[in-house]
Amino acid sequence: MNEVKIRSGTKKDLPRVLELIKELALYEKALEQVSNTVAQMEIDGFGEQPIFGFFVAEEEGNILGLSLYYYRYSTWKGKRLYLEDIIVTEKERGRGLGKILFERTMQFALEQNCTGMMWQVLDWNEPAINFYKKYGAKLDPEWINGNLESSDIRQYLSAKKLT
């Protein structure tokens with residue numbers, strides 16, 4: 001393996017970051033659900049109030065993978081680092097890039113005085129599940145994920161105004 005550098009992501013990395021996000025979405029059979037844009041990521045990650053950060057794995061100037069995170073707050077535990085995604089481009093998987101990105105993100109959680117780190121993994125993604133188990137991660141089957149899209153929220157709230 002040539003020298004892989006892990007560094008904090010920058011605004012100029014965002015086009016490649018979005019490519020990797022789309023590659024992951026394709027792997028997860030959900031490419032049509034990606035609506036994010038580089039312009040939106042610039043605002044969200046580098047605007048007045050950045051809401052996410054990321055590390056990249058770079059080799060010879062090429063970004064091969066990333067770890068994207070943000071903070072969340074647990075009423076029970078306090079400040080937590082939420083790992084949204086670790087993505088390694090398909091042809092580079094198996095080289096240990098996910099491991100070094102994950103470990104850098106764990107270190108960052110400690111540097112930021114977080115009480116821990118959280119993430120989700122699809123129940124069918126056995127390679128990812130096995131990866132996280134190597135770290136002694138607790139994978140909790142009890143919690144059910146919930147979400148509302150902005151279109152759902154608008155529809156509900158406008159229907160509520162009619163009653």
- prompt: Out of the residues in the range 51-61 that are surrounded by fewer than 12 Cβ atoms within 10 Å (Cβ to Cβ) and not aliphatic (A, V, I, L, M), which is farthest from THR10 (Cα to Cα)?
  reply: GLU60
statement: LYS77: passes all of (1) over 13 Å from the mean Cα position of the chain (by Cα); (2) more than 18 Å from LEU110 (Cα to Cα) but (2)
field: Lone unmet requirement of (1) free of Cβ contacts under 8 Å to residues at least 24 places away in the same chain; (2) closer than 24 Å to GLU111 by Cα for GLY61
entry: (2)
message: Could you check the range 62-78 and list, in sequence order, the residues that are more than 15 Å from LYS11 (Cβ to Cβ) and either among the small types (Gly, Ala, Ser) or assigned to a strand (DSSP E or B) (or both)?
response: ASN62, LEU64, GLY65, SER67, TYR69, TYR70, TYR71, ARG72, TYR73, SER74, GLY78
- request: Residue by residue through the range 31-61, note down the ones that are in contact with a helix residue (DSSP H, G or I) (Cβ under 9 Å, 6 or more places away or on another chain) and in a loop (DSSP other than H, G, I, E, B).
  value: VAL34, ASN36, THR37, PRO50, ILE51, PHE52
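One line per residue, one yes/no per condition, for (1) of a type outside the set (S, T, N, Q); (2) without any contact (Cβ under 8 Å) to a residue 40 or more places away in the chain; (3) touching a strand residue (DSSP E or B) at 6+ places or on another chain (Cβ under 6 Å):
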position	(1), (2), (3)
ASN2	no, no, yes
LYS5	yes, no, yes
GLU19	yes, yes, no
ALA25	yes, yes, no
LYS29	yes, yes, no
MET41	yes, yes, no
PHE46	yes, yes, no
VAL56	yes, no, yes
LEU66	yes, no, yes
- line: Within the range 1-27, the residues that are assigned to a loop (DSSP other than H, G, I, E, B), surrounded by fewer than 13 Cβ atoms within 10 Å (Cβ to Cβ) and not aliphatic (A, V, I, L, M) are ASN2, GLU3, THR10
message: One residue is enough: does the range 151-162 have a residue meeting the conditions closer than 27 Å to PHE55 by Cα and among the small types (Gly, Ala, Ser)?
response: no
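Looking at LEU139, LEU122, LEU81, LEU148, which is the one that is in a strand (DSSP E or B) and not polar (S, T, N, Q)? Write out each step before concluding.
On the way: LEU139 fails: in a strand (DSSP E or B); LEU122 fails: in a strand (DSSP E or B); LEU148 fails: in a strand (DSSP E or B).
Just one listed residue meets the conditions, LEU81.
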message: Being modelled with pLDDT of 90 or more, surrounded by fewer than 12 Cβ atoms within 10 Å (Cβ to Cβ) and touching a helix residue (DSSP H, G or I) at 6+ places or on another chain (Cβ under 9 Å) is the filter here; which residues of the range 107-134 pass it?
response: LYS134
- request: Identify all residues within the range 80-135 that are within 15 Å of the chain's Cα centre (by Cα) and of a type in the set (S, T, N, Q); write none if there are none.
  value: THR89, THR105, GLN120
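The values are calculated or read from the model by the stated rules, or taken from the named source; none is laboratory data. Keep in mind that what you see is a predicted model, and the values were worked out from it rather than measured. Note: ideal-geometry Cβ built from the backbone for every residue, glycine included; neighbour counts use all protein chains shown.
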